Amino acid sequence: MSVSRTRTSVRAALAGGIALSSVVLLSGTAFAHVSVQPQGEAAKGGYATVNIKVPNERDNASTVKLEVNFPLDHPLASVMPQPIPGWKAEVTKSKLDKPLELHGKKINEVVSKVTWTADGSKIGPGQFQQFPLSLGRLPEDTDQLVLKAIQTYDNKEVVRWIEEQKEGAEEPENPAPVLKLSAASEDEDHHGGAAPSASADTDEKAGHDGKAGDHEETASASSSTDTTARVLGVVGILVGVAGVAFGALAGRRRSA
C-alpha cells in the first residue's frame, strides 16, 4: 500500500470518528426526556417521594408548563406536590367507579393530574427542573406506574411524553415516565420506614457492653503500667543512693 493511500485511509477514519462523536453528543441532548425518579425506595403498598425531572430540549424556547397524569387503573389515594418558588401547582381529581379503602376509610375520588404553570419562573435552554411529589399508598398489584406527561414551551410548542415502552421494542421517541415499584418488605411499615428489630437492639447493647469492657481493660492496663513505672522509679532511686554511699565509703578507705 502506498504512503498516499495510507494517509487517505487515516484521514477518512479520523473524519468518520469525528462525525460519529458529533452524532453521539447531539443524540445525548436529543434523547433527554421527562422522567420520574424516586427518592429512596418506592415499595408496593407503601409511600414514596419522587421527583419529576424535566429537561429543556430547545435552544430557542423555555418550558412554562408541565402536566403529569396518574393512571386510574392503579389509583393513588394521596398525591401531594411540594411548593416550588416561581411555579403554581394545580391538583385535578377524578371520581372512581370502585372506591378505595385507606386507613379504614372509603375514598371515592383520587388525584388524576397535577399541573405546574410558570409563575415568575421557567426552565430555560440548557436547564432542567425537578418537581417533587409525595405519593401513596402505592398499589400492590403492579410492578410499575406509567405517568404520562405533557411539556409546553413558551413558543406554544407542546411535547407529549405519553408513549409506553413495549417489551422487546426500541425506546419510543417520546417515552412516558415510568416509576418502578420494588417488592414490599415485611420489616418496612407503610410509610417507608424500617421497623427496629429485637436483634438490632441486642447487637446494640452488646456493642455498648463490649465498649464498656474495652474501657475497663484499657483502664486496668493503664493502672498496671503506672504501678510498674513507679516501682521501677523507686528501685532506681535506691540503687542510685546505694551507689553514692558505696563511692563515698571507697573514697574514705583509700584516704585512710
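The values are calculated or read from the model by the stated rules, or taken from the named source; none is laboratory data. Computed from a predicted model, the values in this text were never measured in an experiment. Cβ sites come from the backbone with ideal geometry, for glycine too, and all protein chains shown count toward neighbours. Keep in mind that these areas ignore ligands, DNA and RNA; they rest on the heavy atoms of the full protein, side chains included. Shrake-Rupley method; radii C 1.70, N 1.55, O 1.52, S 1.80 Å.
Counting only lysines at least 8 places from LYS53 when in the same chain, those with an alpha carbon closer than 23 Å to its own are LYS44, LYS65, LYS88, LYS93, LYS113, LYS122, LYS148, LYS156, LYS166, LYS180. Distance between the modelled labels on ALA32 and GLN144, one decimal in nanometres: 2.3 nm (7 Å Cα→Cβ projection). Taking Lys and Arg as +1 and Asp and Glu as -1, the other residues whose beta-carbon sits under 15 Å from that of LEU147 total 0. Working from label points 7 Å from Cα in the Cα-to-Cβ sense, the ASN60 to LYS98 distance is 5.1 nm.
Summarising the label geometry, the points placed 7 Å from Cα in the beta-carbon direction at ASP73 and SER185 lie 3.0 nm from one another.
With an a/c value of 1.5 or above and a/b larger than b/c for the gyration tensor axes a ≥ b ≥ c computed over the alpha-carbon atoms, region 76-157 is described as prolate. Taking other residues whose beta carbon is less than 11 angstrom from the beta carbon of THR63, and scoring Lys, Arg as +1 and Asp, Glu as -1, yields 0. Accessible surface area normalised per residue over region 55-100 is 59 Å², counting heavy atoms of protein chains with a 1.4 Å rolling probe.
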